Amino acid sequence: MVTSDRTRRRARRRARAFLPAVGVFLALIGLWELVTVAFGIQDYILPAPGEVISTLIDRWSDTLASATWVTAQEIVLGFGMSVAAGLLIAGGLHFSPIVRRALYPLLIGSQTVPVVVLAPILAIIFGYTLTPKIILVALICFFPVVVGTLDGLAGVDPQLVRMMRTLHGTRWSIFRRVEFPAALPSVFTGLRLAAAYTATGAVFGEYAGATDGLGNVMRQAVPQLQSGLVCAAIGLLTAMAVLLFILVSLLERILVPWTGEGNDR
Amino acid sequence: MGADDDDGIRLVGVTRRYGDVVAVDGLDLVVPRHRRLGVVGPSGCGKSTALSLICGLEEPDEGRITVLGAADGPGRLARCAWMPQRDLLLPWRSVLANACISLENRGVPRRAAQARVRPLLDRFGLAGFEDARPDELSGGMRQRVSFLRTLVADKEILLLDEPFGALDSITRAGAQQWLRETLASEPRTVVLVTHDVDEALLLSDEVAVMSRRPGRITARLPVDLPTGSRREVIASAPFVALRDRLLAELEGGW
């Protein structure tokens, strides 16, 4: 099959494209290990990578596993909520000029409220549950989704819309068959940004009050000078956000095959 | 009504302004049903604006437009198909799905729409390409998909805005010949805007000359040519004479 051959070649090329990033990552880890050994840096100031990994393994079952699970739920649910809310709000702003004039200034204003201040307020309202963290993640992440979607919808070729109007296109069918698909690349730009912000939101939420989660682990480990545990938690948090980012990018490849690498004939 | 029934398209004193620019000024134009009118004129003379006005994408500032008796925008939009120079295919849809879009817009389920359009692909030289993406096609093929999509919309009026303007001259000659045959087998009321004099003569029953902006019709030439292939017609004496008259009308127009 020509297609499977092409797919395999593309997969190999893509794998090779990751090599530089992996190389730099490994080199940084090596340098870090070297620095801690060479200068005899104390574990509580900067634990060596080996130390972090052994902490990760030792503390996995009693602390980190459940914390990762809790934070993963906050990230996934918060991200899902931000995507739903972002698309809905952007759609509303796009369809109704009145809604746009009423809501857009408020939306921008909402982004100037420091999330750090919101976190304890949400904790007071909702207690030590998952809810305030999910809301916080969604609050941080929905804005790039809204902006990406709005930008994409505003950038649709007006000629395409005119063409659809002459082809029995109603307002809704034009949105569904032309405007939304054409906006998708820009929507995904917003989604990737949002995915990168999720971890920050979850940690802010847990710092304001939580009984479990990676942010909670860090909050307790820092005053005890357990730097190895802090670094292990940071590593897990980063891995989760990167994984979400990769999943979003993969979804984009599947849903938006007509841009980017699709045109490498 | 009576007289209106015979009129495919009627424009009376139509004026359209964009800010200070008068694109079309007091345009009067009648195209009887099932006739094909070619409109030639220098670029920027308001030809494209005239088409947008006829098909209801825009409203005139002054004057009146009726299309098969309908004077309101939605009514005109329901009766006119519009095909611009750019093919405007949707890159995320296959050839077949692009051609079907007007049926889907009318609520025909996708599968039924494709079953209805699939048999037409052969006649448009697209057999075997139904699942291809637009970016896998040549310019000529893309334009044929665009034309198929326009015809599937099943409108009685066809407004063609330099349909082959983006094609190279060899592809263009083939496309003109092909469109001649297609229109001969499926008579429609057609307005063809072009700045290619040969194209206007080959595809129309009558050619109108439009002046520089603000656009008005300055001359109308009935086209009566012998039948035959594109090459034979172009070489015939009546064609050469008509082309000469048209070019004379256009002289100084630029």
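The values are calculated or read from the model by the stated rules, or taken from the named source; none is laboratory data. Please read all numbers here as calculations on a predicted model, not as lab measurements. Positions of Cβ are generated from backbone atoms using ideal geometry, with glycine treated the same way; all protein chains shown enter the neighbour counts. Only protein heavy atoms, including side chains, enter the accessible area calculation; ligands, DNA and RNA are left aside. Shrake-Rupley method; radii C 1.70, N 1.55, O 1.52, S 1.80 Å.
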> How large is ³J(HN,Hα) for each residue in segment B:178-183, as worked out from phi by the Karplus curve 6.51 cos²θ - 1.76 cosθ + 1.60 (θ = phi - 60°), to whole Hz, x for Gly and Pro?
Replying inline: 5, 5, 4, 5, 4, 5
> With charges only on Cβ, +1 for K and R and -1 for D and E, what is the dipole size of chain B about its Cα centre, in debye, rounded to 20?
Replying inline: 580
>> Quick check on chain B: helices-only [θ] at 222 nm, where DSSP H runs of length 4 and up contribute -39,500 (n - 2.57) each and the sum goes over total residues. Nearest 500, please.
In response: -10500 deg cm²/dmol
> Ignoring ligands, DNA and RNA, how do A:I125, B:I101, B:I217 rank by accessible area with a 1.4 Å probe, largest first?
Replying inline: A:I125, B:I217, B:I101
> How high is the FRET efficiency from A:L46 to B:T218, r the C-beta distance, R0 60 Å, rounded to 0.05?
Replying inline: 0.10
> In terms of the Cα gyration tensor, with a ≥ b ≥ c the square roots of its eigenvalues, is chain A rounded because a/c is under 1.5, prolate because a/b exceeds b/c, or oblate?
Replying inline: oblate
>> Heavy atoms of the protein only, probe of 1.4 Å, neighbouring chains included. What is the accessible area of A:S54 in Å², nearest 10?
In response: 50
>> I need the phi-derived Karplus couplings for segment A:23-34: 6.51 cos²θ - 1.76 cosθ + 1.60, θ = phi - 60°, integer Hz, Gly and Pro marked x.
In response: x, 4, 4, 5, 5, 5, 4, x, 4, 4, 4, 4
> What spacing in nm lies between the two simple spin-label points modelled at A:D62 and A:R16, each 7 Å away from Cα in the Cβ direction?
Replying inline: 4.9
> Roughly how many debye, to the nearest 20, is the charge dipole of segment B:199-254 about its Cα centre, given +1 on each Lys and Arg Cβ, -1 on each Asp and Glu Cβ, and no other charges?
Replying inline: 240
>> Taking C-beta distances below 4.7 angstrom as the pairing criterion, name the unpartnered cysteines of the protein assembly as shown, in sequence order.
In response: A:C141, A:C231, B:C45, B:C100
> Say we join alpha carbon atoms closer than 10 Å with springs in a Gaussian network model of chain A; which of A:G109, A:G201, A:G215 then has the biggest fluctuation?
Replying inline: A:G109
> Using unit Cβ charges (K, R positive; D, E negative) and no other charged atoms, how large, in debye to the nearest 20, is the dipole of chain A about its Cα centre?
Replying inline: 1460
>> Per DSSP helix of 4 or more residues, -39500 (n - 2.57); summed, then divided by the residues of chain A. What does that give at 222 nm, rounded to the nearest 500?
In response: -26500 deg cm²/dmol
> Check B:G26: other-chain or 5+ apart residues with amide H under 5 Å from its amide H, H built from backbone geometry?
Replying inline: B:V14, B:T15, B:R16
> When all protein chains stay in place, what accessible area (Å², nearest 10, 1.4 Å probe) is found for A:F204?
Replying inline: 70
> Under a 5 Å amide H to amide H cut-off, with H placed in plane at 1.01 Å, what residues pair with B:A81 once short-range neighbours are removed?
Replying inline: B:I157, B:L158, B:L159
> Amide H neighbours of B:G38 under 5 Å, counting only residues 5+ apart in sequence or on other chains, H built in-plane at 1.01 Å?
Replying inline: B:L192, B:D205, B:E206, B:V207, B:A208
> Per residue, what accessible area does chain B have, given a 1.4 Å probe and all protein chains present, in Å²?
Replying inline: 43
> Taking +1 at the Cβ of each Lys and Arg and -1 at the Cβ of each Asp and Glu, which of A:I234, A:P114, B:C100 sits farthest along the dipole of the protein assembly as shown towards its positive end, judged by Cα position relative to the Cα centre?
Replying inline: B:C100
> Which FRET efficiency value, to the nearest 0.05, do you get for A:F39 and A:A239 by plugging their Cβ-Cβ distance into 1/(1 + (r/R0)^6) with R0 = 25 Å?
Replying inline: 0.35
> Antiparallel DSSP bridges in chain B: what percent, to the nearest 5?
Replying inline: 50
>> Could you compute how much accessible area chains A and B hide from each other, both sides summed, with a 1.4 Å probe? Nearest 100 Å² is fine.
In response: 2200
>> If you take every DSSP beta bridge fully contained in the protein assembly as shown, what fraction is antiparallel? Give it as a percent rounded to 5.
In response: 50
>> Once you place label points 7 Å from the Cα toward the Cβ at A:W69 and A:S96, how far apart are they in nm?
In response: 4.3
>> For a Förster distance of 60 Å, can you work out the FRET efficiency between the beta-carbons of B:S229 and A:L255, rounded to the nearest 0.05?
In response: 0.80
>> Tell me the carbon and sulfur percent of the accessible area for the protein assembly as shown, rounded to whole percent, probe radius 1.4 Å.
In response: 62
>> From the phi angles alone, apply the Karplus equation (6.51, -1.76, 1.60; θ = phi - 60°) to segment A:9-15 and give each ³J(HN,Hα) in whole Hz, x where the residue is Gly or Pro.
In response: 4, 5, 4, 5, 5, 5, 4
